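I have placed the structure first, in the form of structure tokens, so that the comments after it can refer back to it.
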Amino acid sequence: CGKSMLLRYAFARLRSVEVAMINCNAQTSAVHVIQKLHQSCTVATSQSGKVFRPKAERLVLYLKDINLPKPDKYDTIQLIAFLQQLVLYHGFYDGLEW
């Protein structure tokens, strides 16, 4: 029994939880995560800007093989930097608004 199977089993037992899995590779970037959020969430506009609300009660982003994306010319992994921005600022900057 692998780690993925164990996680799927655990999340399947929880009610109102949707799991969105992203299989990372060397080319995976923040754009892929944003696309998955668009697929798994509804977008609403509030006073603070766009808000992604999960279609289920909760959404779990499962990033498989997150260590595979390669660094850019500045030695930064764009995917990791984006995830840090999500956690630290409780959202992300899309160029126009938070």
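The values are calculated or read from the model by the stated rules, or taken from the named source; none is laboratory data. These numbers come from a predicted model, not from an experiment. Neighbour counts are summed over all protein chains in view; Cβ atoms, including those assigned to glycine, are modelled from backbone coordinates with ideal geometry. The area values use the complete protein model at the heavy-atom level, side chains included, leaving out ligands, DNA and RNA. Shrake-Rupley method; radii C 1.70, N 1.55, O 1.52, S 1.80 Å.
Things to note:
- When LEU88, LEU68, LEU61 are checked against the criterion of being assigned to a loop (DSSP other than H, G, I, E, B) and over 12 Å from ALA30 (Cα atoms), LEU68 stands alone in meeting it.
- Taking the conditions (1) farther than 17 Å from GLY91 by Cβ; (2) over 11 Å from the mean Cα position of the chain (by Cα); (3) without any contact (Cβ under 8 Å) to a residue 60 or more places away in the chain in turn, LYS50 satisfies each one other than (1).
- Single match in ALA20, ALA44 (criterion: in contact with a Ser or Thr (Cβ under 6 Å, 6 or more places away or on another chain) and part of a strand (DSSP E or B)): ALA20
- Some residue of the stretch 88-97 being open to solvent by 60 Å² or more (accessible area, probe 1.4 Å) and on the phi > 0 side of the Ramachandran plot: yes
- Only one of the numbered conditions (1) open to solvent by 70 Å² or more (accessible area, probe 1.4 Å); (2) modelled with pLDDT of 90 or more is not met by LYS64, and that is (1).
- Cβ-Cβ contacts under 8 Å between residues 6 or more apart (or on different chains), taken from a first residue in the stretch 1-13 that is under 17 Å from ILE66 (Cα atoms) to a second residue that is open to solvent by 100 Å² or more (accessible area, probe 1.4 Å), are absent.
- The set of residues in the stretch 40-50 being over 14 Å from TYR62 (Cα atoms) and either modelled with pLDDT of 90 or more or open to solvent by 20 Å² or more (accessible area, probe 1.4 Å) (or both) consists of CYS41, THR42, VAL43, ALA44, THR45, SER46, GLN47, SER48, LYS50.
- Out of ALA56, ALA12, one residue alone is among the small types (Gly, Ala, Ser), modelled with pLDDT under 90 and either on the phi > 0 side of the Ramachandran plot or loosely packed, with under 11 Cβ neighbours inside 10 Å (or both). It is ALA12.
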